[in-house]
1. Quick one: Cα centre-to-centre distance for the stretch 112-131 and the stretch 66-108, in angstrom?
2. Mind checking which of P107, V26, S72 is farthest towards the positive end of the stretch 23-138's charge dipole, using Cβ charges of +1 (Lys, Arg) and -1 (Asp, Glu) about the Cα centre?
3. Quick one: which residues, 5+ away or cross-chain, put their amide H under 5 Å from the amide H of M76? H built at 1.01 Å from N.
4. Need one number: nm distance between label points at K118 and A83, each 7 Å from Cα along Cα→Cβ, rounded to one decimal.
5. Within the stretch 103-117, whose backbone N sits under 17 Å from a point 7 Å along Cα→Cβ of D29?
6. Could you tell me how many cubic angstrom of Cα convex hull volume the chain has per residue?
7. Would you mind working out the magnitude of the charge dipole of the chain relative to its Cα centre, with +1 at each Lys and Arg C-beta and -1 at each Asp and Glu C-beta, to the nearest 20 Debye?
8. So for H64, H122, H46, fewest C-beta neighbours within 10 Å to most, what's the order?
Amino acid sequence: MTNDTSVNTGTIDDTIPKNVSRNIVVVDDEKGMRMLCGAILEMEGHKVTEFSDAFSALPYFQEHKDIDYLISDINMPGMSGIALAEKLYDSHKDTKKYLMTGLIDQPLKDRLDALKEKGVIHGYLAKPFKNDSLLNLIE
């Protein structure tokens, strides 16, 4: 992807050593985006588990407490990425949660900033984004 309109309000976690494999869950109803994110992250040595919707991801989170990152689309049928991050807030406090979307208008930006301030999410990306924007969330 060549057009970088990403908005990354997350910060790089300097407490995590570089080049360490992470357990990452990617949730996106768009198969191409889900597979692209998975491929980018796997090329860096991370273990990626993909889901096409938030409801499908919930049982996985219930069974696995060792998930380092959630990267989820916001707008999906059934349950939004925001609702997923909110559901996981108490049970997966150590999981860093990032959201992504194709459109970020001012009301959504304000909502995402408020969720970040509360610690529900760690940041967000605007699609399309460069590979490095995605990888910088993990490094």
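Every number here is computed from the coordinates shown, using simple stated rules; none is lab data. Since we're looking at a predicted model, the values are computed, not measured. Don't worry about glycine lacking a Cβ; one is built from the backbone with ideal geometry, like all the others, and counts go over all protein chains shown.
1. Value for the Cα centre distance between the two parts: 8 Å.
2. Sorting the options by dipole projection puts first P107.
3. Placed amide hydrogens put G81 under 5 Å from M76.
4. 1.5 nm
5. 103-104
6. Spelled out: Cα convex hull of the chain, divided by residues, is 99 Å³.
7. 80 debye
8. Taking fewest neighbouring Cβ atoms as first place, the list is H64, H46, H122.
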